[in-house]
Amino acid sequence: MYRYILKRLLLVIPTLFGAALLVFTLLRLIPGDICVLRMAGTGGYFDEAAIQTCRVEMGTDLPVVGQFFSFIWGLLRFDFGVSMWTGQPIISEVALRFELSLQVAIMATIVAILVAVPLGTISAVKQNTWIDYLVRCISIAGIAIPSFWLGIMIILGLLLTSQHLFGTPWMPPITYRPIWEDPLYNLSMLIWPAVATGYRYSAVATRMTRSAMLEVLREDYVRTARAKGLWEKLIIRRHALKNAMLPVITVIGIEFAFLIGGLVVTEQVFNLNGLGKLFVESVVNNDYTMTQALVMLVVMVFIFVNFLVDICYAWLDPRIRYS
Amino acid sequence: MKSIRLKTACAVLAGIAIGMSAALPAGAVTPKHGGILKFVVPAEPPSFDAHRETTFALIHPLRPFYSLLIRVNPDNPSSTTDFVCDVCEGPVPKPTDGGKTYTFKIRKDVKFHNGDHLFAQDVVATYQKIISPPAGVVSARKAYYVMVDSVTAPDHFTVVFKLKYPSGAFIPALAVPFNFLYQKSQLDQDMHWYEKNINGSGAFRFKDREAGAVIRGVRNPDYFVKGRPYLDGFDAIFAKKESLRVQAIRGDRAAIEFRGFPPKSRDDLVKALGKDITVETSDWNCVLLTTINHKRKPFDDVRVRRALTLAIDRWGGSQYLSKIAIVKTVGGIVFPGHALAANKKELQEIAGYWPDLKKSRAEARKLLKEAGVDLSKTYYFNNRAVDQPYKIVGTWLIDQWKQVGLKFEQHVFPTGPFYDVLRQKKEYDVSADFNCQSIVNPLVDVSKFLSDDRSGSQYGQWQDREVDALFDKMNQSADPKEQRKLMREMEKLTLDTHANGFITLWWNRIIPHRSYVKGWKISPSHYLNQSLDNVWLDK
């Protein structure tokens, strides 16, 4: 088991270096100049010399190789530097938004698990009945509907319904307050994006649960359990569901990692000041240092979540542990 | 005796009351104190230093913290020439010394938020940073002040600007809303201090900031205009998506957005909220231009460039585009509301503005034929990936050119790559471009039409010394009549005779806001009249 974990940990180093090289190169290939954007992007008058001063200040006039080594050296010291756009330390800009993104990801995951596991299981157990068809319809719709569109519909629905019922339109708050400061306000803001993203997330997980359950329910050991006269609910809960969870956990892990920094449009729809919104803004603003840091952060989150998933695999399936 | 005195006193009081009510404009109501104004801002300022930035995203949340030397009259912001003192005393001074010296008297009751008094030396240090920044300090608009010879403070409450030559562009340039007054002692310690910190003398004090989310301000009890501001504070909420900003006003999460909405959003809000929404509109000191690449064939030929502008139906476009986009007014190179702008008759003498569209397009076809333009070829139109108004007007332009047989393909890019094509690579035949200024100052604003070695924002790669000479002459003339005459000549050369580039339509600013927001008046620019000291909430 320890050797297994150590192997997984060692794989992190080349993955991080590869990601760093890739993001650094790709960003330099994107056309545009942060200083031109900042000075000329508003269509107003600007001084040409100001652009050159800005380039010197940002360090974009330095050789690319030098910029790369400075980036890697910073990474090794966990120093991401300052945002080229705002001039603020990246770590503080990210920390501010990480809390919100993490809360939305956790809430969406809870919504997804609460919906997906029971629905997927029922759908598999009641295969080809109206219940199965209904669940499949709901889950296919969840995959087909983009979360941001659902978000827009939720806001419009809330505005119209509240105006119809109470005479004044209501929409979720557009500024954030932490859950420990004002739980009601916090939840009234974040429950809606959690539902919008959780629906798509649960649809993916429901389909995965259903197909994994169908496969497991046809296994010999399930037939043996039934032949021994075990109670059906016990067979499903203890023997079938546990084994069917392996691919479901993978899906949940990948989706969770995606939610940290991946909600680029949904966060804008609900005006959530999260990592996804920061990501879009940093790319649009040609803020190299911020984009690099965010990509590395997302890579780290993915690696960490995959690592946890691997450990869960080993815990759930002894064959992996002992191989 | 006592009763006579009482009656006299009552009569005097009643007289005063009647006199005061007569002095107030009809329908005027007494402003109420209190409340927090919540408004949405489409973007976040990169830094807090207004001298280095060019975006309205800085003005909206930060202007209320600062004072200016002079400003646009907040009671009459739609005027392009009505300037009033902010920290100076009395009316805006008239020049002496043949138009070359301006002497400002500074108020004695102005305090920075840290408690220190504002002196003339602070004003001088501010303008020295703007006009002649030290090495390594960015000043975006220092070229506005090429006419300034020196700025000095003979005493604590007097500032003297000496000019190299009389210039009509000077006073408007002083009123630029980015000229926040900074404290000399802070600048002496660190010229970059104001990039990350705030210490102004404006109506509001900085409360806090959540990066990417909100900037909050609270009432400044020491503000030098007694009884102001009316508000207890404000929340400037950053919201990038337009649909969200519209819904925020609808759901009363915000009361106003100061940049402007397209007509559809205005109509949606009015339909949903009725009398709870008030709509203000104004011509906007932003114009969508078309930059022609003079180094690419066949656009190096003046006949082809004239054909491009002759093909466009500006008068018709103004009517139907204004229903779906934030463009409306037909104009030349000067903001349509200004005294230096061309009137309709003058405009109709310029190619592309003729009243007879058929004649105009026939002339365009003739010119294209004469120039031997290959009409089977598809040309490259560079545009910005922003709906309002770029993509809408871009699509319209392509249709207009199609009417005379010219085919263009529209290439749409986000702002960074768009500028890369326009400024660096120059791989376009024709490009959308824009000129968006804060203060209406035509003598400076038209510098975009100068030769590319004179203007950093002219991307068409042309040199036109005739236009340059007219511009210089106009800027050194103190006579408005002569300025106007020279401006007409410059306009005719730029848009018609040499057809260096051309104007499509001027923007139209539409601000639908909650009706309880009072005191704020629309101006011709989303940069102006944002001090919020006269805004109050009728709740």
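Per-residue answers, yes or no, for (1) surrounded by fewer than 24 Cβ atoms within 10 Å (Cβ to Cβ); (2) not in a helix (DSSP H, G or I):
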site: B:ASP49; (1), (2): no, yes
site: B:LEU58; (1), (2): no, no
site: B:PRO74; (1), (2): yes, yes
site: B:PRO77; (1), (2): yes, yes
site: B:VAL84; (1), (2): yes, yes
site: B:PRO91; (1), (2): yes, yes
site: B:THR103; (1), (2): yes, yes
Query raised in the report: Given A:LEU26, A:LEU9, which one is out of contact with any strand residue (DSSP E or B) (no Cβ under 6 Å at 6 or more places or on another chain) and closer than 18 Å to A:LEU297 by Cβ?
Result: A:LEU26
Query raised in the report: Is it the case that some residue within the stretch A:111-126 is touching a Phe, Trp or Tyr at 6+ places or on another chain (Cβ under 8 Å), within 14 Å of chain B (Cβ to nearest Cβ), touching a residue at least 40 places away in the same chain (Cβ under 8 Å) and part of a helix (DSSP H, G or I)?
Result: no
Requested in this report: May I ask you to verify whether B:LYS264 is surrounded by fewer than 18 Cβ atoms within 10 Å (Cβ to Cβ), without any contact (Cβ under 8 Å) to a residue 40 or more places away in the chain and not assigned by TED's automatic domain parsing to the domain that holds B:GLN388?
Outcome: no
Query raised in the report: Within the stretch B:46-69, is even one residue modelled with pLDDT of 95 or more and more than 25 Å from A:GLY87 (Cα to Cα)?
Result: yes
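Conditions (1) of a type in the set (A, V, I, L, M, F, W, C); (2) in contact with a Lys or Arg (Cβ under 9 Å, 6 or more places away or on another chain), marked per residue:
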{"site": "A:GLN268", "(1), (2)": "no, yes"}
{"site": "A:ASN271", "(1), (2)": "no, yes"}
{"site": "A:SER282", "(1), (2)": "no, no"}
{"site": "A:ALA293", "(1), (2)": "yes, no"}
{"site": "A:LEU297", "(1), (2)": "yes, no"}
{"site": "A:PHE302", "(1), (2)": "yes, no"}
{"site": "A:VAL305", "(1), (2)": "yes, no"}
Query raised in the report: Of A:ILE311, A:ILE235, A:ILE254, A:ILE260, which residue is more than 14 Å from chain B (Cβ to nearest Cβ), more than 15 Å from A:THR121 (Cβ to Cβ) and either surrounded by 17 or more Cβ atoms within 10 Å (Cβ to Cβ) or of a type outside the set (A, V, I, L, M) (or both)?
Result: A:ILE260
Query - Where A:PRO193 falls short, out of the listed (1) within 24 Å of A:VAL295 (Cα to Cα); (2) at pLDDT below 90 - result: (2)
Query raised in the report: Within the stretch A:37-66, how many residues turn out to be under 32 Å from the mean Cα position of the chain (by Cα) and crowded, with 17+ Cβ neighbours inside 10 Å?
Result: 5
Requested in this report: Report yes if B:SER201 is of a type in the set (Ser, Thr, Tyr) and either surrounded by 19 or more Cβ atoms within 10 Å (Cβ to Cβ) or not assigned by TED's automatic domain parsing to the domain that holds B:THR101 (or both), otherwise no.
Outcome: yes
Requested in this report: Mind listing just one residue for me: the one in the stretch B:459-474 that is in contact (Cβ under 8 Å) with a residue 24 or more places away in the chain and touching a helix residue (DSSP H, G or I) at 6+ places or on another chain (Cβ under 8 Å) and, of those, farthest from B:PHE299 (Cα to Cα)?
Outcome: B:MET474
Report task. Mind listing whichever residues of the stretch A:134-173 are within 14 Å of another protein chain (Cβ to nearest Cβ), β-branched (Val, Ile, Thr) and surrounded by 13 or more Cβ atoms within 10 Å (Cβ to Cβ)? Result -> A:ILE152, A:ILE154, A:ILE155
Query raised in the report: Would the stretch A:68-83 turn up any residue that is more than 7 Å from chain B (Cβ to nearest Cβ) and within 18 Å of B:GLU53 (Cβ to Cβ)?
Result: yes
Query raised in the report: Within the group A:TYR185, A:TYR221, A:TYR176, which residue is surrounded by fewer than 21 Cβ atoms within 10 Å (Cβ to Cβ) and within 14 Å of chain B (Cβ to nearest Cβ)?
Result: A:TYR185
Query raised in the report: What is the number of the single condition among (1) in contact with a Phe, Trp or Tyr (Cβ under 7 Å, 6 or more places away or on another chain); (2) buried (at least 20 other Cβ atoms within 10 Å of the Cβ); (3) under 27 Å from B:GLY519 (Cβ atoms) that B:ALA120 does not meet?
Result: (3)
Query raised in the report: Quick one: which helices (runs of 4 or more DSSP H) sit completely within the stretch B:240-322 and have at least 1 residues that are closer than 30 Å to B:ALA362 by Cβ and under 25 Å from the mean Cα position of the chain (by Cα)?
Result: B:314-321
Query - Criterion (charged (D, E, K, R) and within 10 Å of another protein chain (Cβ to nearest Cβ)) met by exactly one of B:LYS295, B:LYS240, B:LYS271, B:LYS323 - result: B:LYS240
Query - Complete set of residues in the stretch A:26-48 that are facing chain B (nearest Cβ under 8 Å) and either within 12 Å of B:SER457 (Cα to Cα) or free of Cβ contacts under 8 Å to residues at least 40 places away in the same chain (or both) - result: A:PRO31, A:VAL36, A:MET39, A:ALA40, A:GLY41, A:THR42, A:GLY43, A:GLY44, A:TYR45, A:PHE46, A:ASP47, A:GLU48
Query raised in the report: Residues in the stretch B:120-133: is at least one modelled with pLDDT of 95 or more, in a loop (DSSP other than H, G, I, E, B) and not assigned by TED's automatic domain parsing to the domain that holds B:LEU450?
Result: no
Query raised in the report: Hey, any hits in the stretch A:311-321 for a residue that's in a helix (DSSP H, G or I) and under 21 Å from A:PHE98 (Cβ atoms)?
Result: no
Query raised in the report: When only residues in the stretch B:447-459 that are in contact with a Ser or Thr (Cβ under 8 Å, 6 or more places away or on another chain) and either crowded, with 23+ Cβ neighbours inside 10 Å or of a type in the set (A, V, I, L, M) (or both) count, which is farthest from B:PRO166 (Cα to Cα)?
Result: B:TYR459
Query raised in the report: For B:ASP452, which of the numbered conditions (1) farther than 25 Å from B:GLU346 by Cβ; (2) outside the structural domain of B:LYS100 (by TED's automatic domain parsing); (3) in contact (Cβ under 8 Å) with a residue 12 or more places away in the chain fails to hold?
Result: (3)
Query raised in the report: If you go through the stretch B:124-131 one residue at a time, do you hit one that is among the aliphatic types (A, V, I, L, M) and within 14 Å of another protein chain (Cβ to nearest Cβ)?
Result: yes
Requested in this report: Answer yes if at least one residue in the stretch B:280-288 is at pLDDT 95 or above, over 30 Å from B:VAL517 (Cα atoms) and in the same structural domain as B:TRP396 (by TED's automatic domain parsing), and no otherwise.
Outcome: no
Query raised in the report: Can you tell me which residue in the stretch B:245-257 is nearest to A:LEU165 (Cα to Cα), limited to those that are in contact (Cβ under 8 Å) with a residue 40 or more places away in the chain and within 13 Å of another protein chain (Cβ to nearest Cβ)?
Result: B:ASP252
Query raised in the report: Among the candidates B:ASP445, B:ASP433, B:ASP387, B:ASP374, which residue alone is closer than 24 Å to B:TRP506 by Cβ and more than 14 Å from chain A (Cβ to nearest Cβ)?
Result: B:ASP387
Requested in this report: Could you list, in sequence order, all residues of the stretch B:163-207 that are among the small types (Gly, Ala, Ser), within 14 Å of another protein chain (Cβ to nearest Cβ) and not in a loop (DSSP other than H, G, I, E, B)?
Outcome: B:ALA173
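The values are calculated or read from the model by the stated rules, or taken from the named source; none is laboratory data. Please read all numbers here as calculations on a predicted model, not as lab measurements. Counting neighbours? That spans all protein chains shown, and the Cβs are built from the backbone with ideal geometry, glycine included.
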